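Comments concern the structure below.
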Amino acid sequence: TRLAKSTDWDECGNIPLHLVCRNPSASLQIVKFLVESWPGSIRESTWDGCFPLHCLCQNSRLDDAAALDILKYLVREDPTKVREAHSQGNLPIHFAAGEGRKGPEFCDYLVNEFPESITVGCVNNMLPLQTACSSGRLDTVKYLFELYPESVQLHSHRGYYPIHETVFNRKDRLEIFDFLQTIDPGCLSKKVNIRDGSRFNGNLPLHAIL
(Lines give C-alpha, C1' and ligand atoms only; values in the text may rest on other atoms or scores of the structure.)
Protein backbone atom coordinates (compact mmCIF):
# COMPACT_ATOMS: atom_id res chain seq x y z
CA THR A 1 0.00 0.00 0.00
CA ARG A 2 1.00 3.64 -0.40
CA LEU A 3 0.14 6.82 1.41
CA ALA A 4 -2.73 8.83 -0.07
CA LYS A 5 -1.81 12.02 -1.89
CA SER A 6 -3.70 15.29 -1.78
CA THR A 7 -4.72 14.66 -5.40
CA ASP A 8 -6.20 11.19 -4.79
CA TRP A 9 -9.96 10.52 -5.13
CA ASP A 10 -11.85 7.81 -3.26
CA GLU A 11 -14.79 5.80 -4.63
CA CYS A 12 -17.23 8.64 -3.83
CA GLY A 13 -15.18 11.32 -5.51
CA ASN A 14 -13.72 12.68 -2.28
CA ILE A 15 -10.23 14.08 -2.17
CA PRO A 16 -8.42 14.53 1.18
CA LEU A 17 -9.62 18.13 1.44
CA HIS A 18 -13.27 17.04 1.28
CA LEU A 19 -12.67 14.43 3.97
CA VAL A 20 -10.84 16.83 6.26
CA CYS A 21 -13.62 19.41 5.96
CA ARG A 22 -16.09 16.74 7.13
CA ASN A 23 -13.83 15.56 9.98
CA PRO A 24 -14.76 16.51 13.57
CA SER A 25 -11.08 17.14 14.28
CA ALA A 26 -10.46 19.39 11.25
CA SER A 27 -8.15 22.35 11.77
CA LEU A 28 -7.18 25.40 9.77
CA GLN A 29 -3.58 24.22 9.74
CA ILE A 30 -4.45 20.94 8.00
CA VAL A 31 -6.81 22.64 5.53
CA LYS A 32 -4.15 25.20 4.63
CA PHE A 33 -1.57 22.48 4.12
CA LEU A 34 -3.83 20.58 1.71
CA VAL A 35 -4.81 23.68 -0.25
CA GLU A 36 -1.21 24.84 -0.53
CA SER A 37 -0.22 21.34 -1.68
CA TRP A 38 -2.88 21.47 -4.41
CA PRO A 39 -4.34 24.99 -4.89
CA GLY A 40 -6.96 23.72 -7.33
CA SER A 41 -8.43 21.36 -4.74
CA ILE A 42 -10.68 24.09 -3.38
CA ARG A 43 -12.56 23.99 -6.71
CA GLU A 44 -12.90 20.20 -6.88
CA SER A 45 -16.31 18.67 -6.22
CA THR A 46 -17.40 15.22 -5.09
CA TRP A 47 -19.59 13.09 -7.32
CA ASP A 48 -22.69 14.68 -5.80
CA GLY A 49 -21.39 18.16 -6.49
CA CYS A 50 -20.08 19.14 -3.07
CA PHE A 51 -17.09 21.46 -2.91
CA PRO A 52 -14.90 21.59 0.21
CA LEU A 53 -16.98 24.54 1.42
CA HIS A 54 -20.16 22.43 1.25
CA CYS A 55 -18.41 19.65 3.16
CA LEU A 56 -17.42 22.07 5.92
CA CYS A 57 -20.96 23.41 6.13
CA GLN A 58 -22.27 19.83 6.52
CA ASN A 59 -19.91 19.08 9.41
CA SER A 60 -22.08 19.20 12.54
CA ARG A 61 -19.42 17.71 14.81
CA LEU A 62 -16.76 20.38 14.35
CA ASP A 63 -16.16 23.01 17.02
CA ASP A 64 -17.78 26.35 16.11
CA ALA A 65 -14.58 28.37 16.42
CA ALA A 66 -12.55 25.96 14.28
CA ALA A 67 -15.32 25.82 11.67
CA LEU A 68 -15.44 29.61 11.43
CA ASP A 69 -11.67 29.87 10.99
CA ILE A 70 -11.75 27.34 8.16
CA LEU A 71 -14.78 29.03 6.59
CA LYS A 72 -13.06 32.41 6.45
CA TYR A 73 -10.00 30.85 4.86
CA LEU A 74 -11.93 28.89 2.21
CA VAL A 75 -14.02 31.91 1.27
CA ARG A 76 -10.95 34.14 0.99
CA GLU A 77 -9.36 31.58 -1.32
CA ASP A 78 -12.45 31.29 -3.54
CA PRO A 79 -15.47 33.48 -2.67
CA THR A 80 -17.45 32.17 -5.66
CA LYS A 81 -18.19 28.86 -3.93
CA VAL A 82 -20.58 30.58 -1.51
CA ARG A 83 -22.94 30.93 -4.50
CA GLU A 84 -22.46 27.40 -5.83
CA ALA A 85 -25.17 24.78 -5.26
CA HIS A 86 -24.48 21.06 -5.08
CA SER A 87 -26.32 18.55 -7.28
CA GLN A 88 -29.54 18.73 -5.22
CA GLY A 89 -29.56 22.51 -5.21
CA ASN A 90 -28.22 23.17 -1.72
CA LEU A 91 -26.11 26.27 -1.25
CA PRO A 92 -23.58 26.30 1.59
CA ILE A 93 -26.09 28.28 3.70
CA HIS A 94 -28.69 25.49 3.37
CA PHE A 95 -26.21 22.94 4.72
CA ALA A 96 -24.85 25.25 7.41
CA ALA A 97 -28.28 26.25 8.72
CA GLY A 98 -29.59 22.68 8.57
CA GLU A 99 -27.68 19.44 8.91
CA GLY A 100 -24.41 21.20 9.69
CA ARG A 101 -26.03 22.87 12.72
CA LYS A 102 -23.90 25.99 12.43
CA GLY A 103 -24.56 28.99 14.63
CA PRO A 104 -25.49 32.56 13.68
CA GLU A 105 -21.88 33.77 13.44
CA PHE A 106 -20.97 31.11 10.87
CA CYS A 107 -24.18 31.63 8.89
CA ASP A 108 -23.79 35.40 9.03
CA TYR A 109 -20.40 35.14 7.33
CA LEU A 110 -21.99 33.19 4.46
CA VAL A 111 -24.94 35.58 4.21
CA ASN A 112 -22.68 38.63 4.11
CA GLU A 113 -20.94 37.07 1.10
CA PHE A 114 -24.26 36.26 -0.61
CA PRO A 115 -27.12 38.27 0.94
CA GLU A 116 -29.75 36.94 -1.48
CA SER A 117 -29.09 33.37 -0.33
CA ILE A 118 -31.68 33.63 2.46
CA THR A 119 -34.39 33.87 -0.24
CA VAL A 120 -33.06 30.99 -2.38
CA GLY A 121 -34.70 27.58 -2.22
CA CYS A 122 -32.90 24.28 -2.72
CA VAL A 123 -34.22 21.45 -4.91
CA ASN A 124 -37.42 21.16 -2.81
CA ASN A 125 -37.58 24.96 -2.62
CA MET A 126 -36.69 24.81 1.07
CA LEU A 127 -35.33 28.13 2.26
CA PRO A 128 -32.45 28.31 4.75
CA LEU A 129 -34.98 29.01 7.53
CA GLN A 130 -36.79 25.78 6.69
CA THR A 131 -33.60 23.71 6.68
CA ALA A 132 -32.73 25.27 10.05
CA CYS A 133 -36.14 24.28 11.41
CA SER A 134 -35.75 20.75 10.06
CA SER A 135 -32.35 19.91 11.55
CA GLY A 136 -30.61 23.06 12.78
CA ARG A 137 -30.31 25.14 15.93
CA LEU A 138 -32.75 27.48 17.64
CA ASP A 139 -30.32 30.42 17.63
CA THR A 140 -29.86 30.02 13.87
CA VAL A 141 -33.63 29.86 13.31
CA LYS A 142 -33.98 33.15 15.21
CA TYR A 143 -31.14 34.72 13.21
CA LEU A 144 -32.64 33.74 9.85
CA PHE A 145 -36.12 34.85 10.87
CA GLU A 146 -34.81 38.30 11.76
CA LEU A 147 -33.27 38.61 8.29
CA TYR A 148 -36.31 37.35 6.39
CA PRO A 149 -39.47 37.34 8.54
CA GLU A 150 -41.70 36.57 5.55
CA SER A 151 -40.11 33.15 5.18
CA VAL A 152 -42.11 31.80 8.11
CA GLN A 153 -45.22 32.13 5.91
CA LEU A 154 -43.74 30.31 2.91
CA HIS A 155 -43.85 26.62 2.12
CA SER A 156 -41.58 24.34 0.15
CA HIS A 157 -42.48 22.28 -2.92
CA ARG A 158 -43.39 19.52 -0.47
CA GLY A 159 -46.02 21.88 0.89
CA TYR A 160 -44.36 22.11 4.29
CA TYR A 161 -44.19 25.34 6.25
CA PRO A 162 -41.39 25.87 8.81
CA ILE A 163 -43.63 24.47 11.57
CA HIS A 164 -43.99 21.18 9.66
CA GLU A 165 -40.24 20.96 9.06
CA THR A 166 -39.62 21.40 12.79
CA VAL A 167 -41.27 18.04 13.45
CA PHE A 168 -38.21 16.33 11.93
CA ASN A 169 -35.70 18.14 14.16
CA ARG A 170 -34.41 15.59 16.66
CA LYS A 171 -32.45 17.97 18.88
CA ASP A 172 -34.12 21.39 19.07
CA ARG A 173 -37.69 20.47 18.13
CA LEU A 174 -39.50 21.73 21.23
CA GLU A 175 -37.51 24.96 21.48
CA ILE A 176 -38.11 25.80 17.82
CA PHE A 177 -41.79 24.87 18.15
CA ASP A 178 -42.14 27.33 21.02
CA PHE A 179 -40.35 30.06 19.09
CA LEU A 180 -42.47 29.60 15.96
CA GLN A 181 -45.67 29.74 17.99
CA THR A 182 -44.48 33.00 19.54
CA ILE A 183 -43.82 34.71 16.22
CA ASP A 184 -46.67 33.01 14.31
CA PRO A 185 -49.49 32.13 16.74
CA GLY A 186 -51.54 30.43 14.07
CA CYS A 187 -48.76 28.12 12.86
CA LEU A 188 -50.22 24.97 14.42
CA SER A 189 -53.26 25.42 12.18
CA LYS A 190 -51.18 25.56 8.99
CA LYS A 191 -51.93 22.71 6.61
CA VAL A 192 -49.52 21.04 4.20
CA ASN A 193 -50.06 22.93 0.95
CA ILE A 194 -49.35 20.76 -2.07
CA ARG A 195 -51.34 20.29 -5.25
CA ASP A 196 -50.08 17.00 -6.67
CA GLY A 197 -52.67 14.81 -4.99
CA SER A 198 -50.33 13.79 -2.18
CA ARG A 199 -51.99 11.99 0.71
CA PHE A 200 -50.21 14.46 3.02
CA ASN A 201 -52.01 17.46 1.53
CA GLY A 202 -53.99 19.27 4.21
CA ASN A 203 -52.12 17.66 7.10
CA LEU A 204 -51.51 19.72 10.21
CA PRO A 205 -48.19 19.70 12.12
CA LEU A 206 -49.82 17.29 14.60
CA HIS A 207 -50.34 14.75 11.81
CA ALA A 208 -46.62 14.83 11.03
CA ILE A 209 -45.80 14.09 14.67
CA LEU A 210 -48.15 11.11 14.70
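So what's the net charge close to PRO149: Lys and Arg +1, Asp and Glu -1, counting the other residues with Cβ under 15 Å from its Cβ? Write out the running numbers ahead of the final one.
On the way: positive: LYS142; negative: GLU146, GLU150, ASP184.
Around PRO149, the charge tally is -2.
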Write down, largest first, the equivalent ellipsoid semi-axes of region 67-145 in whole Å, where each equals the square root of 5 times an eigenvalue of the alpha-carbon gyration tensor. 18, 15, 10
Suppose R0 equals 30 Å; then what is the FRET efficiency for GLU116 and LEU188 from their Cβ-Cβ distance, rounded to the nearest 0.05? 0.45
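How charged is the neighbourhood of ILE70? Take every other residue with its Cβ under 15 Å from the Cβ of ILE70, and add Lys/Arg as +1 and Asp/Glu as -1. Numbers along the way, then the final one.
Numbers: positive: ARG22, LYS32, ARG61, LYS72, ARG76, LYS81, LYS102; negative: GLU36, ASP63, ASP64, ASP69, GLU77, ASP78, GLU105, GLU113.
Within the 15 Å Cβ shell, the charges total -1.
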Descending accessible area (1.4 Å probe), largest on the left, turns ASP8, ASP69 into ASP69, ASP8
Using a Förster radius of 35 Å, what is the FRET efficiency between ALA65 and LEU204 based on their Cβ-Cβ separation? Nearest 0.05, please. 0.30
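Could you look at the chain and say what percent of its accessible area is carbon and sulfur, using a 1.4 Å probe and all protein chains?
Details: 5340 of 10530 Å².
Heavy-atom surface of the chain belonging to carbon and sulfur, 1.4 Å probe: 51 percent.
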What aspartates and glutamates does LYS102 reach when the alpha-carbon gap must be under 15 Å and sequence neighbours fewer than 8 apart in one chain are set aside? ASP63, ASP64, ASP69, ASP139, ASP172
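Report the Stokes-Einstein translational diffusion coefficient (µm² s⁻¹, integer) for the chain, Rh taken as the Kirkwood radius over Cα pairs, at 10 °C with viscosity 1.306 mPa s. Please list the in-between numbers first.
Details: Rh = 17.8 Å.
Translational diffusion coefficient: 89 µm²/s.
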Straight-distance crosslink candidates among lysines, where the alpha carbon sits under 24 Å from LYS191 and sequence neighbours closer than 8 are dropped: LYS142, LYS171
So how long is each side of region 104-162 along the principal axes, counting just the alpha-carbon atoms, biggest first, in Å? 29, 21, 19
Which loop-located chymotrypsin sites (Phe, Trp or Tyr not before Pro) does region 67-174 contain, where loop means any DSSP state but H, G, I, E or B and the Cβ has at most 16 other Cβ atoms within 10 Å? PHE168
PHE33 versus ARG83, label points 7 Å from Cα toward the beta carbon: distance in nm? 3.4 nm
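Taking a probe of 1.4 Å, how large is the accessible area per residue of the chain, in Å²?
On the way: 10530 Å² over 210 residues.
With the other protein chains kept in place, the chain gives 50 Å² per residue.
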If you take every residue apart from ASN112 with its C-beta less than 12 Å away from the C-beta of ASN112, what net charge results, scoring Lys and Arg +1 and Asp and Glu -1? -3
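The values are calculated or read from the model by the stated rules, or taken from the named source; none is laboratory data. Keep in mind that what you see is a predicted model, and the values were worked out from it rather than measured. Neighbour counts run over all protein chains shown; Cβ positions are idealised from the backbone, glycine included. Side chains are part of the model used for accessible areas, which takes the heavy atoms of the whole protein and leaves out ligands, DNA and RNA. Shrake-Rupley method; radii C 1.70, N 1.55, O 1.52, S 1.80 Å.
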